[in-house]
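Bear in mind that the values in this text are calculations on the coordinates, not laboratory data. What you are looking at is a predicted structure, and each value in this text was computed from that prediction instead of being measured. Note that we place each Cβ from the backbone using ideal geometry, even for glycine, and neighbour counts take in every protein chain shown.
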Amino acid sequence: MKILALIPLLMGVTACYSQKNISTTPTPTIKTEQKVEPAPDVLLKEAILDAELSAIGDMPLGNLSWEHFSGRYDIDIDLGEGQEYNGVMNFRMKRDSLFWFSITASIGFQIAKGIIKNDTLHALDLLQKNYYRVSLKELQVSTQLPAQIGALQRLFSGEILSQQVHFNSADSTFRGDASFYPGYVVTFDNAKNVKQNAINDAVNQRYLWADYTDRILVNNPLHSVSSETRIFLKDALKTIRLDVRLKTSSFEPIPSYPFNVPNGYTLVETW
């Protein structure tokens, strides 16, 4: 597997909170754009939206409330041009704070592992024996996509990526706030869970779609993370597809996030 293609997919396709360090889960607010003399059909859409939001009450639309999460996923990745791979991916996450991951090839050996903490990605390419230590700010510049730990977590758990969303009555879509990455649109299912996160950045020719097709069944609905996710990343040259299926999960506190760099690895500080 070309691990250097997989790690940027995991680290660089995420949407963020505009470089804000948020220690608690934000509750998104919904704002309806006001227009001068709106048409009757627009007024009807806004009335329906107001009724839906009243029914929601204090429920955090598009956000969950987990503090710790660990999961084991089956993954399939298509890099294009016949390059298709599969394996297993493990996550350990503390919300907005720590993100530990490991990737194992289908034939059974580990090919990558890493951790994001203190706004820095630490990753080991176990095949090439490279140690990557790259700031998330540098990663964002090099990939021309926002990269932040909290948003990466939410991309996989299936939550809203913008701190706020606004209802655009012109086309009945929910869009990110003005400070968020341009072209962000989110759609919800009937249970008010995120159905799709999408970034359509025509300026940088970067497109991201994350579709959430199923969720785990738990007693607490605010722990209902996505169990099946399909992620597409498209740029001017090619399209990458990543399918993940959650096999096991836990919301118990995680005692450790082990990561150490063995002797003989080459330090790489650029992406």
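Couple of notes before you dig in:
- Between Glu252 and Gln83, the FRET efficiency estimated from the beta carbon spacing at R0 = 35 angstrom works out to 0.40.
- Between Tyr265 and Arg245, the contour length at 0.36 nm per residue exceeds the alpha carbon distance by 4.0 nm.
- Fewest-first sequence of Leu222, Leu79 by Cβ atoms within 10 Å of each Cβ: Leu222, Leu79
- In this structure, Glu67 and Asp171 have a Cβ-Cβ separation that, at R0 = 45 Å, corresponds to a calculated FRET efficiency of about 0.80.
- Inter-label distance for Asp189 and Lys238, nm, one decimal - labels placed 7 Å from Cα along Cα-to-Cβ: 3.2
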